[in-house]
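These notes concern the structure reproduced below.
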Amino acid sequence: MIAKRMPLSINTYQQKKQSLFSSKILMPMIIDFHTHAFPDSVAAKAIPALEQVGNIKAHTSGTVTSLLGSMDRAGIDRSVICSIATRPEQFDAILEWSQKIQSERLIPLPSIHPADPDCVQKVHTVYQKGFKGIKMHPYYQEFFIGEERLKPLYQALSETGLLLVIHCGFDIGFPRSRCADPAQILRLHQDFSELRLISTHFGGWDIWDEVEEMLIGQDIYMEISFALQYLSREQVQRMLHNHPTEYLLFGSDSPWVDQTEYLARLYDLKLNANLLTAITGENALTLL
């Protein structure tokens, strides 16, 4: 049974943050490893459509400006923007937009569609342009993580050292398919040990019992976006404490989660200072 918890207010978050500072705990740079934004003209259409598909309300307008405003309110220093190419021909437009918006505060990840016949060359293009990695999404891009056809892509990512941020678990806007389950994530990690793999949504959205069984304790990066509000406090604490500290990352999935409120949930867990600072920024800095 998944226990839903009431959201925390901005005032509660500010109080907890102030408490941390007053306790002389030095907070590192805060980095959100999982956000979304779109070109302004695209956001105006994409956000309402995605809200309807997922039966969920966005907390920003989906623009870069609104993301920066959310970051300012939450005290977040940097955000990783995860784009998704739903068709192979979207690669160039996403790459160009990503180049345009990248800054000290915004770290965009372009996207490569697995059906692109030139996907391996596109990996090298992303690398040559100086990006940190790519984002892939099995539901929106219609693939299973363990497909044989993806091995050249994974190999190219491994050789270049680019990050692969990949959606894991089910997706709120799609019928349930095991295209991104923990077993496939584990096999990918075992088959491509040099791949800098970032598993999203605490290793697998709404398959967290399997995540605990198969992935917790492995040297696999996990960001914790869009998960804390669905899990019990006890399970969250257990998973965080049983996973290697250096492989945990803060993520929100903004605009589908309010960054301020999500940080408040993390602080509300009362983690020890070393674990908290590792999650909120230190580990991300080693990757970025």
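The values are calculated or read from the model by the stated rules, or taken from the named source; none is laboratory data. Small disclaimer: the values here were computed from a predicted structure and weren't measured. Methodologically, a virtual Cβ is constructed for each residue, glycine included, from the backbone with ideal geometry; neighbour enumeration extends over all protein chains shown. The protein model used for the area step is the full one, side chains on, heavy atoms only, and it has no ligands, DNA or RNA in it. Shrake-Rupley method; radii C 1.70, N 1.55, O 1.52, S 1.80 Å.
Let me cross-check Glu147: its accessible surface, 1.4 Å probe, with only protein heavy atoms counted, in Å² to the nearest 10?
We get 50 Å² for Glu147.
State to the nearest 20 debye the size of the charge dipole of the stretch 132-237 about its Cα centre, where the only charges are +1 on K and R beta carbons and -1 on D and E beta carbons.
In debye, rounded to 20, the stretch 132-237 gives about 340.
Keeping all protein chains in position, work out how much accessible area Asp258 exposes to a 1.4 Å probe, and write it in Å² to the nearest 10.
That residue has around 40 Å² of solvent-accessible surface.
Take the Cα of Glu213, step 7 Å along the line toward its Cβ, and report every residue of the stretch 155-197 whose backbone nitrogen sits under 13 Å from that point.
Zone members listed by number: 182-184.
Quick one: among Val53, Val257, Val236, which has the greatest mean-square fluctuation in a GNM of the chain with alpha-carbon springs under 10 angstrom?
In the Gaussian network model the winner is Val53.
Taking the Cα centre of the chain as origin, work out the dipole magnitude from +1 charges on Lys and Arg Cβ and -1 charges on Asp and Glu Cβ, in debye rounded to 20.
740 debye
Once you've got the Cα coordinates, tell me which of Lys45/Lys122; Lys129/Lys270; Lys57/Lys129; Lys151/Lys270; Lys45/Lys100; Lys100/Lys270 are over 29 Å apart.
Table pairs above 29 Å Cα-Cα are Lys129/Lys270; Lys57/Lys129; Lys151/Lys270; Lys100/Lys270.
Between helix 233-242 and the chain, what is the angle of the helix's C-alpha long axis to the longest principal axis, kept within 0 to 90° and rounded to the nearest 10?
60 degrees
Please check: in the Gaussian network model of the chain (C-alpha springs, under 10 Å), which one of Ile101, Ile198, Ile84 has the largest mean-square fluctuation.
It is Ile101.
Okay, helix-only estimate at 222 nm for the chain: each DSSP H run of n ≥ 4 adds -39500 (n - 2.57), divide by all residues, round to 500 deg cm²/dmol; what do you get? Walk me through the numbers on the way to the answer.
Values: 12 runs with 117 residues, N = 288.
That comes out to -12000 deg cm²/dmol.
Leaving ligands, DNA and RNA out of it, rank Lys132, Lys122, Lys270 by accessible area with a 1.4 Å probe, largest first.
Lys270, Lys132, Lys122
Got a sec? Charge dipole of the stretch 178-251, +1 on Cβ for Lys and Arg, -1 for Asp and Glu; which of Gly217, Tyr230, Ser199 is way out at the positive end?
Checked the options; the winner is Tyr230.
Which residue, chosen from Gly161, His36, Ile185, occupies the Cα position most advanced towards the positive end of the dipole of the chain, where the dipole is computed from +1 (Lys, Arg) and -1 (Asp, Glu) charges on Cβ about the Cα centre?
Final value for the positive-end residue is His36.
Tell me the label-point distance for the pair Thr160, Asn272, using the 7 Å Cα-to-Cβ offset, in nm and rounded to one decimal.
3.9 nm
Net charge within 11 Å of Tyr140 by Cβ-Cβ distance, Lys/Arg positive one each and Asp/Glu negative one each, not counting Tyr140 itself?
Computed value for this residue: 0.
Please get the size of the charge dipole for the stretch 142-187, origin at its Cα centre, with Cβ charges of +1 on Lys and Arg and -1 on Asp and Glu, quoted in debye to the nearest 20.
It works out to roughly 100 debye.
For the charge dipole of the stretch 21-147, defined by +1 on Lys and Arg C-beta atoms and -1 on Asp and Glu C-beta atoms about the Cα centroid, which residue among Ser66, Gly54, Ser83 has the Cα displaced farthest towards the positive pole?
Ser66
Of the listed values (1) 31, 24, 17; (2) 28, 22, 19; (3) 33, 20, 18, grab the one calculated as semi-axes √(5λ) of the Cα gyration tensor in Å from the structure here.
(2)
Taking only C-alpha pairs under 8 Å that are 6+ residues apart, what is the relative contact order of the stretch 89-211 in percent?
22 percent
Report, to the nearest 10°, how far helix 259-268 tilts away from the longest principal axis of the Cα atoms in the chain, using its own Cα long axis and a range of 0 to 90°.
60 degrees
I need the phi-derived Karplus couplings for the stretch 60-67: 6.51 cos²θ - 1.76 cosθ + 1.60, θ = phi - 60°, integer Hz, Gly and Pro marked x.
9, 7, x, 8, 4, 4, 6, 5
Using a 1.4 angstrom probe, figure out how much accessible area the stretch 37-181 has per residue, in square angstrom, rounded to the nearest whole.
45 Å²
Which residues does the label zone of Ile172 cover in the stretch 229-267, counting backbone N under 17 Å from a point 7 Å along Cα→Cβ?
Within reach of a label on Ile172, which here means backbone N under 17 Å from a point 7 Å along Cα→Cβ, the stretch 229-267 contributes 229-232, 251-266.
What share of the DSSP beta bridges in the chain is antiparallel, in percent to the nearest 5?
Of all bridge pairs located within the chain, approximately 0 percent are antiparallel.
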